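The structure under discussion appears below in the form of structure tokens.
The values are calculated or read from the model by the stated rules, or taken from the named source; none is laboratory data. Fair warning: this is a prediction, and the values are worked out from it, not measured in the lab. Every residue, glycine as well, gets a Cβ built from its backbone with ideal geometry; the counts of neighbours run over all protein chains shown. Just so you know, the surface numbers come from the protein's heavy atoms only, side chains and all, with ligands and any DNA or RNA stripped out. Shrake-Rupley method; radii C 1.70, N 1.55, O 1.52, S 1.80 Å.
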Amino acid sequence: MEMDVMDLFAAASIVTAAQQTGLFRELLAAPQAASAHAEKLGLDRRATTLVLDALVTLELASREGDRYEASPQLQSWLRPWVGGNDPRQHLWEHTAAFLRSGEPLAHMDGTPAEREASYRAGVAWLGKHLEPFARELAGKLAQAPARVLDVGCGSGVWSLAIAERSPTTRVTGQDFPQVLESFSARAQALGLGDRVATIPGDMHAVELPAGAFDLVVIANVLRLETPERAASLLARLARAVAPGGALLVVDALAGGTPERERARALYALNLALRTRAGRVHSPAEFASWLTAAGLGAIETIELGGRAGPLGAVGALLARR
């Protein structure tokens, strides 16, 4: 939806107020009249009605009769977090402090222990959100690989989507031990438990079988790395690709339409609020690192325009 500058200021104020007063949380709980929402939260009834009506126009609330509840969009965004207590919203609340200090609120690119704790907290929600994009990507791959290694796999949403389409595909998920719990649980839920294996550990240090995989996937990871560490990791993963195989990078890609560029800019700020070195790397940077790793015939795969918190998501496929 297009907005002029004043509408943007108004929308930002309304969303912030709804979050800070607990109104979003109450909208998730049950459909209620504006007066009931106001009484529960200790708010002014008239003001609550006006704010709720504004949230309806922003497609963040829905109304039937005199009852208001969270819209499907808001439910999909907040429901996975118990009580609507969404830590992602707290990131944006930190923007003013970030402007003054340059210091992030969180350090998702910290020590391996810090990374494991951060990933474990949100990996299940992220997998659910990315599922349609993962299935879209799986459908665009020309060949179904027999052996897939998913590095920093999280819930395994990208690699398991490939296995869903091909009964001969086996997936090895690599991640921190606590994060692999989500990968194994998702594989079981999809009926793929007998076709997965795991390699626990830090992707930068764990031993990976050389030349053992037809497809190596690294998704939603490299944006948390400095250019030097990203290049080094891709070179390391390239050695696990079998002759004739490929390495698949899924990440937030810059450029394209104004909508994609806006998504990229917002996501770059999101990264800065929760990391010290995180950044959105350009397709040209990815291509140079893949080429330096000994991979070629790089193919760009567009995915769904944008993917919410991932900005403009896309993929690069580089062959051995």
Filter result for T257 (surrounded by fewer than 16 Cβ atoms within 10 Å (Cβ to Cβ) and polar (S, T, N, Q)) = yes
Filter result (modelled with pLDDT under 95, in a loop (DSSP other than H, G, I, E, B) and either open to solvent by less than 10 Å² (accessible area, probe 1.4 Å) or not polar (S, T, N, Q) (or both)) within the stretch 136-151 = L141, A142, A144
Could you please let me know if E64 is modelled with pLDDT under 95 and not aromatic (F, W, Y)?
-> no
Give the residue, chosen from A268, A242, that is under 17 Å from T95 (Cβ atoms) and surrounded by 16 or more Cβ atoms within 10 Å (Cβ to Cβ).
-> A268
Name every residue in the stretch 271-300 that is β-branched (V, I, T) and open to solvent by 40 Å² or more (accessible area, probe 1.4 Å), in order of residue number.
-> T291, I298, T300
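So that you can scan it fast, the table gives a plain yes or no per residue for (1) aliphatic (A, V, I, L, M); (2) touching an Asp or Glu at 6+ places or on another chain (Cβ under 7 Å); (3) within 18 Å of Y119 (Cα to Cα):
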{"residue": "A163", "(1), (2), (3)": "yes, no, no"}
{"residue": "H204", "(1), (2), (3)": "no, no, yes"}
{"residue": "V221", "(1), (2), (3)": "yes, no, yes"}
{"residue": "R229", "(1), (2), (3)": "no, no, no"}
{"residue": "L233", "(1), (2), (3)": "yes, yes, no"}
{"residue": "L253", "(1), (2), (3)": "yes, no, no"}
{"residue": "P258", "(1), (2), (3)": "no, no, no"}
{"residue": "A263", "(1), (2), (3)": "yes, no, no"}
Scan the stretch 260-285 and report the pairs whose first residue is over 27 Å from G296 (Cα atoms) and whose second residue is open to solvent by less than 20 Å² (accessible area, probe 1.4 Å) and of a type in the set (G, A, S), with Cβ atoms within less than 7 Å and a gap of 6+ or a chain change.
-> A263/G311; A263/A312; L266/G311; Y267/A252; Y267/G311; L271/G278; A272/G278
Does S159 fit the bill of being open to solvent by 20 Å² or more (accessible area, probe 1.4 Å), of a type outside the set (A, V, I, L, M) and not in a loop (DSSP other than H, G, I, E, B)?
-> no
Looking at the stretch 196-222, which of its residues are surrounded by fewer than 18 Cβ atoms within 10 Å (Cβ to Cβ) and not aliphatic (A, V, I, L, M)?
-> P200, G201, D202, H204, E207, P209, G211
